[in-house]
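The values are calculated or read from the model by the stated rules, or taken from the named source; none is laboratory data. Keep in mind that this is a model prediction, so the values were computed, not measured. Cβ atoms come from the backbone with ideal geometry, glycine included; neighbour counts cover every protein chain shown. To get the accessible areas, we keep the full protein, side chains included, count just its heavy atoms, and leave off ligands, DNA and RNA. Shrake-Rupley method; radii C 1.70, N 1.55, O 1.52, S 1.80 Å.
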Amino acid sequence: MNHTSTLKLTALLIGVLLGLPILSVIGQSLFAGVESISHLWNTVLSEYISNSLMLMLGVAVGTLLIGVPTAWLTTMCKFPGRDWLNWALLLPLAMPAYVIAYTYTGILDYAGPIQSTLRELTGWGYGDYHFWDVRSLSGAILMLILVLYPYVYLTARAAFFEQSSLSMEVAKSLGYSTPKTWFKVALPLARPAIIAGVTLALMETLADYGTVQYFGVSTFSTGIFRTFYGLGDPASAALLATGLLTFVAALIFVERYSRRGIAYHQSKSTPRVRQLIELRGFHALMATLACALPFLLGFMLPALQLLFWSLFEAELDWPQFINLAWNTFYLAALAALIAVILAFTLAYAQRFEKQRVLKLIGQFAGLGYALPGTIIAIGVLTPLIWFDHQLIKLFNWFGIANIGLLLSGTIVALLIAYAVRFLAVALGTVQAGLNQISPSIDYAAKSLGRSTWTTLRLIHAPIMRSSLFTALLIVFVDVLKELPATLMLRPFDFNTLAIRAYELATDEQLIAAAPPSLLIVVVGLIPVLLINRAITRSAS
Amino acid sequence: MMKVRKSVLAISLLAISMFKAGIVNADVNVYSSRTEALIKPLLDRFSAETGVAVNLLTGKDDALLTRLQMEGPASPADLFITSDVARLYRAKTAGITEAVESDVLNTAIASQWRDADNHWFGLTSRARPIIYAKDRVKSAELDRYEDLADPKWKGRICIRSSSNVYNQSLVSSALIANGEGATLKWLNGLVANFSRPPAGGDTDQLKAVAAGQCDLTLANTYYLARLAASDKAEDRAVAAKLSVFWPNQSDRGAHFNISGIALTKSAKNQADAVKLMEYLVSDAAQRWYAEVNNEYPIVANVEASEQLKSFGSAKADSVSLYKLGELNGNSLRLMDRAGWK
């Protein structure tokens, strides 16, 4: 019993700590002035809203259309290239959205190589032909789809893996055709996981700043920055951010509501010998194409372009890059570990202490994922600097002056910001893993006199291995790519690859930004590949 | 009680030494919105010459400003460097800057380029003239910024987003010269002449003009200079198609902005910080800026780079720079109303 009450307390504490930054944003919004709000309302707000909604709609449709079929094909079917496409489809996860946006703009812009060659060949000038403008709303949607579909792919694939082939067999024995089995059995069973994946992609979409800003698409996220800095009005910016939060809370609520009363527990004892459907001829070709295309466009093409720029046109400073890569790597690893431990504690507390307050904490602390990094950074700084100032007072009382800011100027601030921002990812994935384990197992363990801790160690942890790995992976890659919070919170003389790439890019030196961008992708590949191996191994 | 105090003290000191390793009070700490590549080499030279170590934190100007404000008197920062005057103004009004009395700074920098109360000082100046396609626009067709609202430019102007502070400051200068009503009217006309929705950076606009997507743009000259001096033939080809036009020479002059520096109120090491400020306006440092980033030296006796000189010289708008900062919010509101995205 003792364990669970400590657990509850810890969970409450985590909730409060991670909730503080969000609360401080909401608190600030109360000071918003009528004049600024009416200005926003009369001029730009409707565009922010419609652009953000269009962006979300496009990304939702796109990630579903790519993520679900590719997940199904690679888990259920056999076709040429399946073995490597299976993991290659994950690689765009390591590609930051702003980097892919820069790269495609370099290729497809009016002044870029494709259109220039086209004009040279045909003698056309501006306005003589129609060419899709990459720097547009549709361009932003496409860029985000290309790098965000792996979230859906990853969660859908896990769900299809977990599905016992028994249910498929049963459906088939009842005379269902393969497509019908898929639509009537496999898809509905995987629905919660798929929706969870889309939700992640949508929250990333709402928080995206780099891509939409570069493309000149006014969204809620860019609007928050304009209001904060351009208008010099932090309170109205906080109000916009709170509006965004409310929207996300509603989104999460709808998502939860849509799977109310649905609980899927699968015991691991079900024999899961899967009979792969062998595709031939035209069908095999189409399957290979369908899986290869997202990988080619979302990873291969931009990576090659970056490689080309890095090798032939940019200058490389290896010792500096190794230092940056190391900073980036350990920061991301540390943050991923912390986020997963926190998420695990919260999820565990919710399972054993069925109290509404714990559930609420989990949902509330998860909101950070949709907030742009700078807003989180400000939310983290506010309480942290307050704490630092109290410490200074305390030390003055001891007779020691000038200790300066203790926590807010250190990596601690960064780690807290990452925890706030990425807890939702870790929590969602860990919860999904925990929910697969039937409560009857817990009861059995308890009736045998095992403590919660022993049950966790001997039963839950091993079963949840693949979910834990997935959570680690996503947070790691997310931190690797994170920019605004890192930019605002890092200590003196501490840089990461993302920051180096960003500085060069904002100075409009896209080619010089290629080597650090490429390195972000390379550093991100290592865990993607390692963890993918661990996931597939533990699932088969 | 004594015992508790001692152990609290011991643990805390341990914690401090862990977190604060490397930052000594004797160092000068700089918050800079100039990117590392454009400030670090100078700081390193300063350290080599004086033996004073300098710690650098780069970031977006507004984010750094917010951090400074929140950190208050405990902030580790001694100096704040930005690439636009609006932020220096904001820092001063936020009460985080400190006046500096230095004959070196006052002599080197003309009074137009520094704060009247000595709270901030320009380090380089940056011009934002009209840059046009030589083959499609004749310089005789151009005169003032205000004329760009003329319907004859319909569909011929490329420009970056109104979220960009260079554009905000330019609009502020027009606002000061012409007043709110005229400026809004001008903005409406200007926006109607855009050839495409604003996107990308200044370099992107220059490339678009060269490629024929539009005929002219407003951009800072160092971007053009960089293209002209590039190793890549295609960049030089872009620059070769473009020419600089200095607007408003018959009245207030072309729009110039500054990158600048301010001493923070929280500065722990004022003496060395001021020494660094003075170093940044030394001839050597000014020449470095001129050559490396093609910005105009703020110091009169240091010449601009050959590249910049090839763009010709101009009368600069003599508006008090702090007013640009003061009007920043108003300008953005007008841009919102005119639909400049």
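Here the dipole of chain B is about 960 debye; that uses its Cα centre as origin and unit charges on the Cβ of Lys and Arg (positive) and Asp and Glu (negative). Per residue, the solvent-accessible area of the protein assembly as shown (1.4 Å probe, heavy atoms of protein chains only, all protein chains present) comes to 40 Å². The aspartates and glutamates within cross-link reach of B:K60, meaning a Cα-to-Cα straight distance under 19 Å and a gap of 8 or more places when in the same chain, are A:D208, A:D233, A:E482, A:D493, A:E503, A:D507, A:E508, B:E36, B:E71, B:D78, B:D84, B:D202. Cysteine residues of the protein assembly as shown whose Cβ has no partner cysteine Cβ closer than 4.7 Å: A:C77, A:C291. Evaluating 6.51 cos²θ - 1.76 cosθ + 1.60 at θ = phi - 60° for every residue in region B:182-196, the Karplus couplings come out as 5, 5, 4, 4, 4, 4, 4, x, 4, 4, 5, 8, 4, 7, 7 Hz, glycine and proline recorded as x.
In chain A, the calculated helix contribution to ellipticity at 222 nm averages -23500 deg cm²/dmol per residue, counting -39,500 (n - 2.57) for every DSSP H run with n ≥ 4. Relative to the Cα centre, the charge distribution of the protein assembly as shown, modelled as +1 at Lys and Arg Cβ and -1 at Asp and Glu Cβ, gives a dipole magnitude of about 3820 debye. Across the accessible surface of region A:287-390, with the other protein chains kept in place and a 1.4 Å probe, carbon and sulfur atoms take up 74 percent.
Under 5 Å between amide hydrogens, built in the peptide plane, is the criterion, and for B:S32 it picks out B:L57, B:T58, B:G59, B:I81 among residues at least 5 positions away or on other chains. The angle separating the long axis of helix B:283-293 from the principal Cα axis of greatest extent in chain B is about 50 degrees. Once C-alpha pairs closer than 8 Å and six or more residues apart are averaged by separation and normalised to the residue number of chain A, the relative contact order reads 24 percent.
Note: relative contact order over region A:359-504, using C-alpha pairs below 8 Å and six or more positions apart, is 34 percent.
To the nearest 10 degrees, how steep is helix B:328-338 against the longest Cα principal axis of chain B, on a 0 to 90 scale? On a 0 to 90 degree scale, this one is about 40. Taking the average, over residues, of other Cβ atoms within 10 Å as the packing measure, peptides B:253-264, B:312-323 rank B:253-264, B:312-323 from highest down. Dividing the alpha-carbon radius of gyration of the protein assembly as shown by the rule-of-thumb value 2.2 N^0.38 Å gives 0.99. The residue list A:A335, A:V170, A:P150 was ranked by how far each Cα lies along the charge dipole of chain A toward its positive end, using unit charges on Cβ atoms, and A:V170 comes out on top. Counts of other chain beta carbons within 10 angstrom of each beta carbon in peptide B:332-340 average 4. Distance from the C-alpha centroid of region B:141-174 to that of region B:291-341: 14 Å, rounded to the whole angstrom. The residue among B:A199, B:N164, B:Y279 whose Cα reaches farthest toward the positive pole of the charge dipole of chain B, with charges on the beta-carbon of Lys, Arg, Asp and Glu, is B:A199. Take every Cα pair under 8 Å whose residues are at least 6 apart in sequence, average their separation, divide by the length of chain B, and the relative contact order is 27 percent.
Are any of the pairs B:K92/B:K309; B:K40/B:K268; A:K481/B:K323; A:K359/B:K341 more than 30 Å apart by Cα-Cα distance, and if so, which? Pairs exceeding the cut-off: B:K92/B:K309; A:K481/B:K323; A:K359/B:K341. Using the Cα centre of region B:270-315 as origin and beta-carbon charges of +1 (Lys, Arg) and -1 (Asp, Glu), tell me which of B:V299, B:S313, B:Q270 is placed farthest towards the positive end of the dipole. The listed residue farthest towards the positive side: B:S313.
The A and B chains share an interface that buries close to 5300 Å² of accessible area, total over both sides, probe 1.4 Å.
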